[in-house]
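The values are calculated or read from the model by the stated rules, or taken from the named source; none is laboratory data. These numbers come from a predicted model, not from an experiment. Here the Cβ is made from the backbone with ideal geometry for all residues, glycine too, and neighbour counts use every protein chain on show.
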Amino acid sequence: MNKLIPALAMLAAVLATGPARAQSDPVKVGLILPMTGQQASTGRQIAAAVKLWVAQNGDKAGGRKVEVIIKDDGSVPDATRRLAQELVVNDKVVALAGFGITPSAMATAPIATQSKTPMVVMAAATSSITEASPYVVRTSFTLPQAAVALAEWANKNGVKKVVSLVADYGPGFDAEKYFTDRILLNSGQVLDKLRTPLRSPDFAPVLQKVRDAKPDALFVFLPSGQGAAFMKQFGERGLDKSGIRLIATGDVTDDDQLADMGDVALGVVNSHHYSAAHPSAANRKFVDAFQAANKFRPNFMAVGGYDGMRVIYKALDATKGAGGEALLNAMKGQIFESPRGQVLIDAQTRDIVQDMYIRKVEKKDGQLWNVEFDAVKAMKDPGKQK
Amino acid sequence: MLTLLFDGVAYGMLLFVLSLGLAVTMGLMNFINLAHGAFAMAGGYVLVLLMQRHGWPFLACLPAAFVATALVGAALERTLYRPMYAKPHLDQVLFSIGLTFMAVAAVDFGMGSSQVNVQTPPWLQGRFELGSGELTLGMGRYRLFIVAVCVALALGLQAILAGTRFGSRLRAAVDDPRVAAGLGIPVDRVFLLTFAFGSGLAGLGGALGVDILGLDPSFPFKFMVYFLIVCAVGGTSSITGPLLAALVLGIADVFGKYYVPKLGGFIVYVLMIAILLWRPQGLFTRESRR
């Protein structure tokens, strides 16, 4: 009898702590970013934004502790796939996130489908990524959104003859197709469609071609990080004084590099979903907090990462820390105010619906900023409407 | 078209400065130094560090890049390279490529992976435009500066080779090291000075090329092939060989990217294959003696 009561007490204690222990297991999120290599600036921005979100909102969601595991894929899609596999199988992550370039996202999509793990794309921008797997949710943007918004502005502002210059990969093809189609629809002329390689592009000969073609405007899309080198060549070849307007998607006048570009970038009209100069209270708070924690400005990659974490956290709150299909459904249809403006995750396409701003590069307080002067409200991805 | 020609010449001269050290090393010491690209990258980063962190003026950073890289080259030659001279070529290749990987990783760790941008001084920005219409010759000031520096270097080096005692010792050692040593020429010291000078030239080329070629930790991997092509096509026994080869390749590259952008950078390889099929010993070498 003496031995039975302590034994029963111990059994009761073990049974009582059993389920509670399972509840306090951390829930893991796998963040795969290019921290080295050509797209290292993307990884740096998103990692900083994720850290800021966790600092501001705590590390608990859905009643469980959230652990973010950051892995570097160096923008090599094979590495991304391998890391995603390891995260899903070994670390049992409840969601994958990040994906600096389109090939990385496309390589991981089959793994998300097979393992039923929601995949939050925070950076990549080709329209077809959300169709590669039913588990892909996007918080960045799509090139068709930016290209169509800019083409409409161009048409309203007397631009009739254009030359398009894009990087030779997924988002570049999207940008070229949707921009030139819209220009042709509005009876403009496309004089030439030029492409530069994704890695180590040489802008000198291709800019000479642009000069010789003499269009009203040059439309450019380049991945985040190549804008500064391009602007330098643009100025060095005298193109800024040749009467050819430079219009671009906002990746070229990326906030990350804009401050170092020099006056050659002044007056460039571009279209994008986020500017660090966006005049809303939420954005001012975001930019101030970001700059206080890091030495650099946040750019559109950072906002994609920040909002991606918001989507994951709120979804975990809704499912109380569970993953799989339930988590995916909790991500669809989220509507909230991001530092960029109002944002909706479309429940059917799982893509992002947001305002596309038309901005001009101007100097404020001695620094260059993308100042918004027009917008296309609540723009859905045109790529899904064809 | 003239502008394209000028751009090609400028690119070619930059390649020449970068490749000359490699050509001399391969011809003189029969050593395949695949780490040459790493020396070029080192020179580029010396320029970036001095200009951005210490505010040195651009013109002062160029000789500094040369001297710094030359010193590193001399130190490495004395300690690491000298035991490798007698080893078979494969060992030399493995050693130098290993050195390159180490350099790339070290720079990646220390300076970050992204492209570095240098602000060229205002007197080197802008361009001169001569002529009009089809025959416009637009010469960017920076490229003009590069052409001027490289021409001066080429003339200076030719003068040294032909006119000084060191030059004749170097030519003797290249021609036949054993006989040269037998005549009392300190071949070891000639090797050391030449290797240091060649590395210094690579550093200078890297520093000059930051604006044109870009600079990031993977620079050696991206451009090593071009240096090797210049040496293969131009031969390793003179200065004019690599000079003309570099010019041909630079012009072909720029024209190719303009007229046939789909082939783009592949034009250089096509040209190399064609030239080597026609003259396997390179365009400008006499029959090889080894």
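The set of residues in region A:286-305 being in contact (Cβ under 8 Å) with a residue 12 or more places away in the chain and outside any loop (DSSP other than H, G, I, E, B) consists of A:Phe286, A:Val287, A:Ala289, A:Phe290, A:Ala293, A:Phe300, A:Met301, A:Ala302, A:Val303, A:Gly304, A:Gly305. For A:Arg199, state whether it is modelled with pLDDT under 90 and of a type in the set (D, E, K, R). Here the answer is yes, as A:Arg199 does meet what is asked. The residue of region A:233-277 that is nearest to A:Gly366 (Cα to Cα), among those that are within 14 Å of the chain's Cα centre (by Cα) and of a type in the set (Ser, Thr, Tyr), is A:Ser275. The residue pairs whose first member lies in region B:235-259 and is away from chain A (no Cβ under 14 Å) and over 30 Å from A:Asp192 (Cα atoms), whose second member is acidic (Asp, Glu) and not in a loop (DSSP other than H, G, I, E, B), and whose beta carbons are closer than 9 Å, counting only pairs six or more residues apart or on different chains, are B:Ser237/B:Asp175.
The set of residues from region B:196-224 being more than 14 Å from chain A (Cβ to nearest Cβ) and crowded, with 24+ Cβ neighbours inside 10 Å comprises B:Gly198, B:Ser199, B:Gly200, B:Leu201, B:Ala202, B:Gly203, B:Leu204, B:Gly205, B:Gly206, B:Ala207, B:Leu208.
Yes or no, residue by residue, for (1) outside any helix (DSSP H, G or I); (2) under 23 Å from B:Gly241 (Cβ atoms); (3) at pLDDT below 90:
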{"residue": "B:Ala10", "(1), (2), (3)": "no, yes, no"}
{"residue": "B:Leu15", "(1), (2), (3)": "no, yes, no"}
{"residue": "B:Gly21", "(1), (2), (3)": "no, yes, yes"}
{"residue": "B:Phe31", "(1), (2), (3)": "yes, yes, yes"}
{"residue": "B:Ala38", "(1), (2), (3)": "no, no, no"}
{"residue": "B:Leu49", "(1), (2), (3)": "no, no, no"}
{"residue": "B:Leu62", "(1), (2), (3)": "no, no, no"}
{"residue": "B:Ala65", "(1), (2), (3)": "no, no, no"}
{"residue": "B:Leu71", "(1), (2), (3)": "no, no, no"}
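Could you say whether any residue in region A:220-228 is in contact with a strand residue (DSSP E or B) (Cβ under 7 Å, 6 or more places away or on another chain), not in a loop (DSSP other than H, G, I, E, B) and not aromatic (Phe, Trp, Tyr)? For region A:220-228, residues in contact with a strand residue (DSSP E or B) (Cβ under 7 Å, 6 or more places away or on another chain), not in a loop (DSSP other than H, G, I, E, B) and not aromatic (Phe, Trp, Tyr): present.
A residue that is within 11 Å of another protein chain (Cβ to nearest Cβ), touching a Pro at 6+ places or on another chain (Cβ under 7 Å) and not aliphatic (A, V, I, L, M) occurs nowhere in region B:226-234. Filtered by the rule that a residue be closer than 14 Å to A:Asn299 by Cα, assigned to a loop (DSSP other than H, G, I, E, B) and more than 14 Å from every other protein chain (Cβ to nearest Cβ), region A:255-280 gives A:His273, A:Tyr274, A:Ser275, A:Ala276, A:Ala277, A:His278. Exactly one residue among A:Val252, A:Val210, A:Val220 is within 28 Å of B:Phe219 (Cβ to Cβ), within 14 Å of chain B (Cβ to nearest Cβ), among the β-branched types (Val, Ile, Thr) and surrounded by 22 or more Cβ atoms within 10 Å (Cβ to Cβ), and that residue is A:Val210. The residues of region B:76-100 that are under 26 Å from B:Ala207 (Cβ atoms) and surrounded by 14 or more Cβ atoms within 10 Å (Cβ to Cβ), listed by number, are B:Leu76, B:Glu77, B:Arg78, B:Tyr81, B:Phe95, B:Ser96, B:Ile97, B:Leu99, B:Thr100. Somewhere in region A:234-242, is a residue of a type outside the set (D, E, K, R), part of a loop (DSSP other than H, G, I, E, B) and within 11 Å of chain B (Cβ to nearest Cβ)? Within region A:234-242, one or more residues are of a type outside the set (D, E, K, R), part of a loop (DSSP other than H, G, I, E, B) and within 11 Å of chain B (Cβ to nearest Cβ). Can you find, within region B:128-166, the residue that is farthest from the other protein chains (Cβ to nearest Cβ) among those that are of a type in the set (Gly, Ala, Ser), outside any loop (DSSP other than H, G, I, E, B) and surrounded by fewer than 14 Cβ atoms within 10 Å (Cβ to Cβ)? Once the filter is applied, the top-ranked residue is B:Gly163.
Checked against (1) over 25 Å from A:Phe234 (Cβ atoms); (2) of a type in the set (Gly, Ala, Ser); (3) within 18 Å of the chain's Cα centre (by Cα), B:Ala274 passes all but condition (3).
Being under 21 Å from the mean Cα position of the chain (by Cα) and either within 30 Å of A:Gln233 (Cβ to Cβ) or charged (D, E, K, R) (or both) is the requirement here; does B:Arg143 meet it? Here the answer is yes, as B:Arg143 does meet what is asked.
Looking at region B:30-52, is at least one residue over 22 Å from B:Leu193 (Cβ atoms), within 18 Å of the chain's Cα centre (by Cα), surrounded by 14 or more Cβ atoms within 10 Å (Cβ to Cβ) and of a type in the set (A, V, I, L, M)? Yes, region B:30-52 has at least one match. A single member of A:Leu327, A:Leu344 is closer than 23 Å to A:Ala112 by Cβ and in contact with a Ser or Thr (Cβ under 6 Å, 6 or more places away or on another chain), and it is A:Leu327.
Every residue, every condition in (1) surrounded by fewer than 17 Cβ atoms within 10 Å (Cβ to Cβ); (2) modelled with pLDDT under 95; (3) farther than 23 Å from A:Gly100 by Cβ, yes or no:
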position: A:Arg284; (1), (2), (3): yes, yes, yes
position: A:Phe300; (1), (2), (3): no, yes, no
position: A:Thr319; (1), (2), (3): no, yes, yes
position: A:Ala330; (1), (2), (3): no, yes, yes
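When region A:133-186 is filtered for residues that are surrounded by fewer than 24 Cβ atoms within 10 Å (Cβ to Cβ), touching a Gly at 6+ places or on another chain (Cβ under 9 Å), charged (D, E, K, R) and not in a helix (DSSP H, G or I), the ones remaining, listed by number, are A:Lys160, A:Lys161. Residues A:Ala61, A:Ala97, A:Ala47, A:Ala123: which one is in contact with a Gly (Cβ under 8 Å, 6 or more places away or on another chain), among the aliphatic types (A, V, I, L, M) and within 14 Å of chain B (Cβ to nearest Cβ)? When all the criteria are applied, what remains is A:Ala47. Checking A:Ser275, A:Ser242, A:Ser280 one by one, the residue that is over 30 Å from A:Ala55 (Cα atoms) and among the polar types (S, T, N, Q) is A:Ser242 and no other.
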